[in-house]
1. Find how much the distance from Arg87 to Ala250 grows on full extension, using 0.36 nm per residue of separation minus their present alpha carbon separation; answer in nm with one decimal.
2. Taking 0.36 nm per residue of separation and subtracting the Cα-Cα distance, what length does fully extending Thr152 through Asp380 add?
3. With each pseudo-label sitting 7 Å past Cα toward Cβ, what's the Trp174-Ala436 distance in nm, one decimal?
4. Quick one: work out the % antiparallel among DSSP beta bridges in the chain, nearest 5.
5. Please give the calculated 222 nm ellipticity per residue for the chain, where each DSSP H segment of at least 4 residues contributes -39500 (n - 2.57) and the sum is spread over every residue; nearest 500 deg cm²/dmol?
6. Can you spot the lysines whose alpha carbon is less than 17 Å from Lys246's alpha carbon? Ignore those fewer than 8 places along the same chain.
7. Can you give the relative contact order of the chain as a percent, counting alpha carbon pairs under 8 Å and 6+ residues apart?
8. May I ask you to compute the full-extension gain from Ile475 to Gln345, defined as 0.36 nm times their residue separation minus their alpha-carbon distance, rounded to one decimal in nm?
Amino acid sequence: MTTSSQYDVVIVGAGHNGLTAGCYLAKADKRVLIVEASNQVGGMTATNATLPQAPQHLFNEGAIQLTGVFRLSGVAEDLELYKYGLREIPVDPSHIQLAPDGSSLAIWKDAGKTADELRHFSPKDARAYLEMSNAMYHAMGPVIEYMKVHPTRPFSKELLKETVKAAPHLRKLWGLKHIVGASHYEFLDETFETELPKGALSAMAAFSQLKLDMTAWAMIYLGIVQRVANAMPVGGTGALPAALHKCFLAHGGEVKLEAPVAQLRIEGDRVGAVELESGEVIRARDAVLTTCNPIITLTKLLPPGTLDHKLESRAKDIPIRKTHATSLKINVATSGKITMEKHRQWRKDKLDPTGILVAWHTLEEQSAAWDATVRGEWADPMPVHCSIVPSRVDPTQAPEGGDTFWLWSGIPPVNPVTPWEDVRDEIGERVIKDSAQYYVGLDTHEIGRTVLCGPDLEKRFNAPAGNVYHVDPLITRFGPMRPAPGLGQYRTPVKGLYLSGAGTHPTGGVCSLPGKLAAETLLGDLNKADKKRK
C-alpha cells in the first residue's frame, strides 16, 4: 500500500554533504527529511567494525581525513559541530615519502621545513621546492576562497581580499605558468633532480595518467595543505557524520534509513516528490536535493525526457571512467603493534611515520602503473598513494595492543581485461607483501583484512564505477563545469530539483562545501520567491 507524507525539503543521501545541507536547511526552519538507502548515516565517511574476526577494530570505510578545505569552510563553526562531539587531531606533515634505505621526505605545512629536509638530498631541489611552494601559497588564497562560494557567482569580500593580497606576488605566480599546460610527470621531472620529491608529489595528487597534458594542475593539493593541515577526527571519519546527524536532529530534521529511492516524481512542472522502492511517496513542498552521484539523479531517478536533449546528452557523458582508473582500498586488523622503526630512527626528529599518510613508489613506477591501467592491466607493482595506521593517531580505533591499517590506491583499472574477482586475492597479497617491507608486523600480526576495488565500492556506496570523486577529477570538470555545463549551479533546469554531493562544486573529498553551498542556493531561491509573492 502506498503511503504519503510531506516535507519542505527532501534530501536524497545521508553522507556528510547531505547531512550538512540538512543542517543548514533545518536551522533555517525548514522541515527536512533525509532518505538514505543504507542502514546508517555517513556514506563514504562511515567508520565501522567491518571484520567479524576483529569486532573491536574500527575502519574508515572510505575517506581517511578531514581535508584542509573542510577546516577552512566554516561549516564546523556555523553548525557548532564541536558541541555535538566532533574532535579533530591536526596532522602535520600531510605526507611522507619513504625510500627502501630508510630515508624519507616529509611534506610539512611549513614549506621551509620540507626544504630543510630536501637539502640533505639536493640543495638544488630544496631551492626549487621553496620557489614552487611560495608561489603556490600565494596562488591558493583566491583559489580557496573561490571554492567557498557559488561557482557562477564568485564575488565576495574574502575573494577580493585574497586576490589583492596575491597581486604583489605576480612575478612569483608567473613562475607557475607552465603548470597550466604541462603534464604532471613533465612538471615534476623538470623541477626536481632527486627521487623523493618526485615520488611524493606524484602520489599526493593521483588523479590521472601522469604524462597527459594539463595534469600538473593536481599540484593544487600541495597549495591547500600548505594553508591548513588536514585532521583526523577522533573516533574515525564517522565522527563527522555523527556530529552532523546530532546537529540535524537537534534542529528538527528527520532521517529515514534503509529507504532507497526508486524515482523522482514530476508533479505539474516540477519535481514534487520522492518515491521510495517500498512504494512510499514523500512530497517536497519546496524542493528535492540529491547528493548521490549526479549521473544517478539525472539519468536514473528523473523520468526519461525530463531534461531537454542537450542536457540529457551531457548528463549521460558526465565522466566517471575517462581516467580509466578506479580505487583499491585495503583494511587490515592486527593483534600486535605495527612499527616503522628503520624510518623513524633515520629521521633527526624521530617522527613516527605510522601515524602519517605515507607512500613509497617512485615517479617512474607511478607513471608505468597509469599506463598499464589505461591498457586495462593490473599494474605490478600496484602503487600505494596513501597508507596509514589510523589507530596510531587515534587509539580509539583499535583494542589495546592492536592496530588498524588503511591503504588506498587510485590506479586500478576501471575496465580491466582480467576481472577483479579473478585477481582480488593475488592483488591483496601482492600489495600487503609490498607494504610489509615498510610496515613491520603488518603481515605477521594480521588478524584479517578486506580488499576492495571498484565493483565492491560501487555496491557498498552506490557509487557508479566505484568512483569516489563522483565525477572524474579532470581540469575540465571544476567550477561551473562540474558535473557538466548547464548543471553546475546546484539548482538544475528542472524546477524543484537541486544537486549536491561530491559531484558538484568545489570537489569531492571530505569538505562539506557542496552541501553548504547547495543549501544556501536553495534558501536564497526560496527567499526570492517569498519576496515576489509579497
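Each value in this text was obtained by applying a stated rule to the coordinates, not by laboratory testing. Every value quoted in this text rests on a predicted model; they were computed, and no experiment measured them. Counting neighbours? That spans all protein chains shown, and the Cβs are built from the backbone with ideal geometry, glycine included.
1. 56.8 nm
2. Roughly 77.8 nm would be gained on extension.
3. 5.6 nm
4. Counting only bridges with both partners in the chain, antiparallel ones make up about 65 percent.
5. The per-residue figure over the chain is -10000 deg cm²/dmol.
6. Partners within reach: Lys27, Lys30, Lys83, Lys256, Lys516.
7. About 23 percent, as a whole number.
8. Contour length minus the Cα-Cα distance gives 42.8 nm.
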